[in-house]
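Everything on this sheet refers to the single structure shown next.
The values are calculated or read from the model by the stated rules, or taken from the named source; none is laboratory data. What you are looking at is a predicted structure, and each value in this text was computed from that prediction instead of being measured. As a convention, Cβ positions derive from the backbone with ideal geometry for all residues, glycine included, and neighbour counts pool all protein chains shown.
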């Protein structure tokens, strides 16, 4: 494969590779970095590509392997090695343990707010929250699709207003 053919194939896959990189990293800047590193390695190792094989799969494999290697480096960088006697730093108590009680209380209050909603908006909202699709909710409740979407919107809006009035902050 000539250099021109290789570059043409690589540029043809750019948008797909960017999407795959974003799916892996969930961050636009990290996705750009991952794509750039993948393109660099592909160009650098162009001679290792076997003609008449799947170029797209080769590129995806390179990207996936780079992502995995970077992830492993991050995990190792966050590992604490304590070489002191009796593991002084690990046992020093500098790490605190979280208490889930506050979160449980907030969840209970949120459930109370949801239960206080009018049935006409609460039922579609809860069904949507449980994973039903809009069309499934519409069929189950024998309502037009637009009505279901509106009711879910109004339920969210009412909950936002209740949260704002109870806690004084905007949940957006």
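For the stretch 133-167, which positions are under 18 Å from residue 108 (Cα atoms) and surrounded by fewer than 13 Cβ atoms within 10 Å (Cβ to Cβ)?
Here is the first cut: in the stretch 133-167, the residues under 18 Å from residue 108 (Cα atoms) are 155-156, 158-167.
Matches in the stretch 133-167: 161, 165, 166, 167.
Give the residue, chosen from 30, 47, that is without any contact (Cβ under 8 Å) to a residue 12 or more places away in the chain, part of a helix (DSSP H, G or I) and surrounded by 15 or more Cβ atoms within 10 Å (Cβ to Cβ). Before the answer, list the steps.
Numbers: 47 fails: surrounded by 15 or more Cβ atoms within 10 Å (Cβ to Cβ).
After ruling out the rest, the residue left standing is 30.
Could you list all residues from the stretch 1-45 that are under 25 Å from residue 71 (Cα atoms) and more than 22 Å from the chain's Cα centre (by Cα)?
10, 13, 39, 40, 41, 42, 43, 44, 45, listed by residue number.
Residue under question is residue 105, and the condition is that it be farther than 30 Å from residue 20 by Cα, surrounded by fewer than 12 Cβ atoms within 10 Å (Cβ to Cβ), in the same structural domain as residue 154 (by TED's automatic domain parsing) and modelled with pLDDT of 80 or more; does it hold?
Yes: the conditions hold for residue 105.
Restricting attention to the stretch 137-168, which residues are farther than 16 Å from residue 113 by Cα and within 25 Å of the chain's Cα centre (by Cα)?
Within the stretch 137-168, just 149 meets the criteria.
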